[in-house]
1. If you average the sequence gap of Cα pairs under 8 Å that are 6 or more apart and divide by the length of the range 235-372, what percent do you get for the contact order?
2. For the range 308-351, calculate the relative contact order in percent as a whole number, restricting contacts to Cα pairs under 8 Å that are 6 or more residues apart.
3. What does the extension gain come out to for residue 439 and residue 66, with contour length at 0.36 nm per residue minus their alpha carbon separation?
4. Taking a quarter of the surface of the convex hull around the Cα atoms of the range 308-351, what do you get in nm²?
5. Using all alpha carbons of the range 264-353, what is the percent of pairwise distances in each 10 Å bin, ordered from the shortest bin to the longest?
6. Using a Förster distance of 45 Å, how high is the FRET efficiency between residue 376 and residue 216, based on the Cβ-Cβ distance and rounded to 0.05?
7. In square nanometres and to one decimal, what's the mean projected area of the convex hull around the Cα atoms of the range 342-422?
8. Using a 10 Å cut-off around each Cβ, can you sort 324, 438, 24 from fewest to most neighbouring Cβ atoms?
């Protein structure tokens with residue numbers, strides 16, 4: 001199944017590099033060009049010019065939202081208090097409800113920036129669907145072969161993603177990669193009258209997944225998540241955006257760059273048809289503007305960060321220092337692409353405190369903290385509860401841990417007194433089961449089976 005030719009695939013890095021440079025730019029905004037680019041987009045979508053507000057950083061966006069939304073809240077509460085003094089009339093209430101529903105529907109229609117993206121994406125999607133169907137027709141494969149190419153095997157997208165996450169987060173027990181490498185499709189449990197329907201549905205899913213896989217291949221799967229880092233570093237901004245989004249459409253412009261890579265590649269290399277003027281206007285907007293939020297008829301444009309720090313895989317990352325910094329001093333923190341609160345991000349990872357594991361309620365952040373502090377430090381510095389003990393081994397979990405938190409296999413070396421420890425799956429109930437997991441992860445030498453187990457297996 002080949003949708004892209006080797007020549008087309010060879011040009012992917014060119015577009016990834018182009019858009020990475022746009023996305024990660026730290027050049028100061030040219031405000032005149034930025035304003036002109038937004039007005040051109042609105043003009044092409046036959047919309048009046050928006051009110052444009054420039055902000056130095058997400059902190060200024062937060063200040064604007066707090067003032068705007070609090071003012072609206074006061075006016076709404078005032079009108080409600082006036083109406084409450086009057087006797088309710090059913091027809092008036094019904095009329096208000098109908099008008100309110102219509103008004104909300106109008107307000108939540110896609111904004112011009114979103115709308116132009118939807119139009120361009122829809123046009124390329126049709127051409128791409130035809131290309132995928134043509135590939136399946138010219139290069140027929142069995143259902144099993146198609147599944148392995150998309151989902152299974154050492155080189156599949158899913159396995160590569162799992163391996164990357166397991167390595168970064170430090171909890172390989174959460175990513176059973178071997179299940180996907182060695183999996184075989186099995187239809188034996190299905191009755192014959194449902195088998196063909198199942199295969200047709202699965203083939204449709206495979207085609208959709210193949211489309212997604214090629215798009216991700218063009219985009220480059222890992223993409224620095226600035227939005228997550230900024231919102232983790234500013235919970236108040238996250239609250240205000242959620243409040244604004246209940247009644248208005250909020251749109252984050254930086255996220256467009258991912259889709260823009262595909263649109264640019266599809267029209268420039270694959271020669272898919274597109275509205276040239278609208279695509280040029282969208283690209284110009286992304287080149288000229290940073291983080292953009294649209295609320296009603298207002299566009300809030302945030303200046304670009306002055307500093308962007310990345311790891312070797314081009315993910316936002318800073319060890320004890322901000323991943324993003326803005327000209328007014330606003331800072332955002334990240335750990336290999338995952339946003340961190342300042343409490344953790346401003347401290348070097350080597351100095352993270354074990355006590356944070358007990359204090360943190362966010363499951364993702366807790367995983368990161370436990371993975372970086374490590375099982376050995378945790379069993380030494382925090383109280384644990386033993387599930388099973390035998391010889392040098394103890395299967396434990398942290399005191400007051402949730403039922404879904406990882407367990408720890410601890411080994412106290414009899415000769416040296418040293419402690420070894422590794423995380424195992426949360427559902428692990430015995431030392432033997434924990435040892436089997438660690439052996440599958442290549443840790444048999446460090447965690448051998450006790451001699452009694454070996455002699456019983458030999459017998």
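1. So the answer I get is 14 percent.
2. This gives 35 percent for the range 308-351.
3. On the way: separation 373, 0.36 × 373 = 134.28 nm, distance 5.42 nm.
Gain on stretching residue 439 to residue 66: 128.9 nm.
4. Mean projected area for the range 308-351: 2.9 nm², to one decimal.
5. 15, 29, 27, 21, 7, 1
6. 0.80
7. 5.6 nm²
8. By the 10 Å Cβ count, ascending, the order reads 24, 438, 324.
No lab work stands behind these numbers, since they all come straight from the coordinates. Note that the structure is a prediction, hence the values are computed from the model and not measured. Every residue, glycine among them, receives a Cβ derived from its backbone with ideal geometry; neighbour counts consider all protein chains shown.
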